[in-house]
Structure formats: C-alpha cells, structure tokens
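What follows is one structure encoded as structure tokens, with my remarks underneath.
Every number in this text was worked out from the coordinates using simple rules, so none of it is lab data. Here the structure is a predicted model, which is why all the values come from computation and not from measurement. For neighbour counting, all protein chains shown are included, and Cβ atoms are generated from backbone atoms with ideal geometry for every residue, glycine included.
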Amino acid sequence: MVAKAIVIDCDPGADDAIALFLALAFPEQLNVLGITTVAGNVPLSLTQKNARCLCELAGRADLPIYAGCPRPLLRPLITAEDVHGKTGLDGISLPEPQMPLQSQHAVDFLIETCMRSTGNITLATLGPLTNLAVAIVKQPAICQHIHEIVMMGGALTQGNITPSAEFNLYVDPHAAQIVLTAGIPLTMVSLDVTHQAIATPERLRAIRAINSPISAATVGLLDHYGVYDMQRYGFSGPPLHDPCVIAYLLQPDFFTSYRASVAVETTSELTMGRTVVDRWHVTNQPPNANVVESIEADGFYQLLTQAIAKLSEP
Ligand code: BDR
Ligand code: CA
C-alpha cells in the first residue's frame, strides 16, 4: 500500500488535536507532509503552538509546522474559547514546545508542496479555509495539483455558531467560496455527520483504559470540551468533528455520500456562512462536492481507540 500524501490545515482546538493523533498513528496509510495552522478556534499564536505541543506528545517532533493567516479574508476573527477554552486545549496541560515553528508562511508551504507534486496531494482542512483560499489566489495553478480536499465544514440542517452556519465556514465564508468554486475535487464532512460521532462515556472508557500520556490527553481534552455540546444539544458526549475527516481518509467505507452542488452564503448577515447543498439537483448546477451523509460511528471509535493505543506503544 502506498501512503497518501497529505497536508493537514488546522486550528487546534480539542477535536483538531484528536484528528492529529488519528492521522499520525497510521504512517503506512497517511504520509503527513506538514501541518499548516490558521486562526480559528483560538488566535494563530495559539493554534501554531498547540500543533507543536501535540506533535511532540505524539512523538512526531520531526514534522514541519507552519503558521498561516492570522485573520479571515474580510470579516473580523471570531474564536471559540467557549468551546475549546482559553488555550484552545483546556483540560490538559502540555509543556512549552521545543520543536521549531517553520519560518516559511503556511500559504507558501501549501503552494510549494502542491506545485512540486504530481497531483497526488490530499488536503485535510479542519478549520476556516483562509490559508487554502489565499494559496489559490496567489497561485491558481495549485488547483490542478491537488488530488482532493476533505473538509470539515458546513451544515446540512442546523448550524452550531448561528442557527444556519457551522463554525469553520462562518468564520471565513469568503475563503470558503474561493475553495468551493476552485474546481478542486472536494469532500464535505458537515456537522450533520460529525454529530453522529459522539464520544459517549462507553467509547471514552476504552480510550481511557489504554492508560498512557496520549490517552490521558485525549480524555482530558474531551472532558473539558464535552461540557459545551452536552449542555447545548443534550448529547451523551461531545461530537468529534475534525477526526471524521481523517477517518474518511483512512477508512472511506465507514461513510456514505452523494454528489451535489454546494454553495456558501457570503452576503446575508442572517445566514452568513450557510452551506446550500443542492441534494436533488434543482438548480441544475454541476456537482462540485462529494457530500458525506453518514458515518459508521462504532467503527470510527474502534479506529480511534486503535490509533491511541498505537501511539501509546513505547
Ligand atoms: C468545527 O469548529 C471548530 O470549533 C472545530 O474544531 C471544528 O473544526 C466544528 O464546527
Ligand atoms: Ca477545527
């Protein structure tokens, strides 16, 4: 098996953290070329630092980590400390990272990596799409070099930051519009899917039982991050949004999807960032996305538990 070459663009964030663990546990399947960070759940100064702390914890201090855009294209930055805490990783305490932050800007790393490739790069986007949008504007030729974008973002039914919008697309809807109209093969993993992937106490018990620094970090993060979603939605645990993207890359047969045209609202304040998915092709717009509809949640949690156990091996 040839490992998929991927770049992970993220804003850690508790669920981004767990997505990174999942991605780093299976190097025979995913060859992570680098991690680019963006402002989102918390400001960029924290997301880049958190990415480094997490890679060190996962034993991957060798990975290059890049800082990207500190704010969305047009709108002021909105962060989510109410969900992820002031540090973005509340619930755990990690030492200051020793591994360096790369001096190259994340946007330039994305452009260079895509242009060097023969069209086999997969981008896993776990935060607002600012870095990728700027890369597309700066070097449009990258679009032909990207095999696929798998994006956590959007909502088919209700939003989580407004009644209609999901956080990542709400934070930078203009960037999302650039990405959605770039002609790059794209898979959308929306809230409607991630809300099926609930970290119930029973599923967390299996992870806790691994009893290693990385399992303790996973559980510690979720204990903090779970409170918000459990109170708001009445879930029996927090939904693991971003890890669903990585699971899709590792195990696509856990998911069902359909092709549709997807657009994003960028003008109405009321529905800003709303993803409009033409499920029944009423607009006759050609499909620009593979829209994920369901996840096999038990299989997903078995995979995650296996990943945490693998990363815990001496
Ligand atoms: C998305 O928003 C962020 O808070 C999470 O990290 C995830 O990427 C879910 O709406
Ligand atoms: Ca995220």
Among 120-133, 80-93, 185-198, the order from most to least packed when residues are scored by Cβ within 10 Å on average: 120-133, 185-198, 80-93
Magnitude of the charge dipole, the chain, Cβ model with Lys/Arg +1 and Asp/Glu -1, debye to 20: 280
Charge dipole (the chain, unit charges on Cβ, about Cα centre) - positive-most of I246, F109, M230: F109
Largest-first principal axis extents of the Cα set of the range 159-314 (Å): 51, 31, 24
Tail weight of P(r) past 27 Å, computed on alpha-carbon pairs of the chain, percent: 35
Sequence-distant lysines (8 or more away, or on other chains) whose Cα lies within less than 21 Å of K4: K310
